Amino acid sequence: MPDRIFINYSRTDQEYSDAFYKHLRVALGSDERLEIWADTEIEASADWDREIETTLEQIRVAVLLVSTDFLDSECIRERELPLLLRRRLQEKLILTPLFVRPSVVDEWEFPVQIPGQDSPQQIRITQFQGLNTPGNPLSRLPESDREIVLLHAARTVRDLALRPYQPGDRDRQPFQPLIDTDITPLEKADVMISNATSSGRPIVGLGWSNEEALETRMRLRTFEDDWDAPGMEVYDEL
């Protein structure tokens, strides 16, 4: 039986789910080791609760499409997310958020009860490594940039699902986006750094990949935005 990638989303965000599903399906190609699953796969006449609980016990990677409606969904909040977070804390699956619309997700904590523990743990979705940042969800991006983020998100999820199991080494790092969504298209990143230097050496001679070039560009872009923010002029006199 192939390992499953579960897309967890609110029906209001169907547009984003469909777009990510398409990119992921193409990224998987004909690889039969993985299959994509969402609760829409369950037939209307089936025992929904039993089927989804059984399926969530079998998935390898869970992708959370986070938005205000995602947080507002009682089904997600009360049924699906607690099971996903519990299995993540037990290191039985990989969990990664993809932020699709603005929300207060960084302020929310979810109680997760682990068998054998006296009290539940309070868990934030943003403590897990994400595919983009909460401050720059997909809805804020131009279509061309959104497509690049979805492409890289699909590739990342595929690679996470296929890599060998390594206990404790899945997504335990402090929150850091795998893909920064305040981006310049990847094909432009090479052009932008082609004439740049570091300690007198051409950047292109450092052996950076396209992804590393893009990440560096976006880290510098974030610094630039912060420096130009209102109130920062007081530092000009230091």
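The values are calculated or read from the model by the stated rules, or taken from the named source; none is laboratory data. Bear in mind that the values here come from a model prediction, so they are computed numbers and not experimental data. Using ideal geometry, Cβ is built from the backbone for each residue, glycine included, and neighbour counts are taken over all protein chains shown. Side chains included, ligands, DNA and RNA excluded: accessible areas come from the protein's heavy atoms. Shrake-Rupley method; radii C 1.70, N 1.55, O 1.52, S 1.80 Å.
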key: Backbone N within segment 1-25 under 14 Å of label point (7 Å from ASP72 Cα along the Cβ vector)   = 10-14
query = With every protein chain present, what accessible area does GLU109 have (1.4 Å probe, heavy atoms only), rounded to the nearest 10 Å²?
reply = 90 Å²
ask   = Using a Förster distance of 35 Å, how high is the FRET efficiency between GLU147 and ARG50, based on the Cβ-Cβ distance and rounded to 0.05?
value = 0.40
Relative packing of 23-32, 97-106, 84-93, which averages over residues the other C-beta atoms within 10 Å, highest first = 97-106, 84-93, 23-32
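Figure the gain on full extension for GLN58 and ASP31 (residue separation times 0.36 nm, minus the Cα-Cα span) and round it to one decimal in nm.
Gain in length upon complete extension: 7.9 nm.
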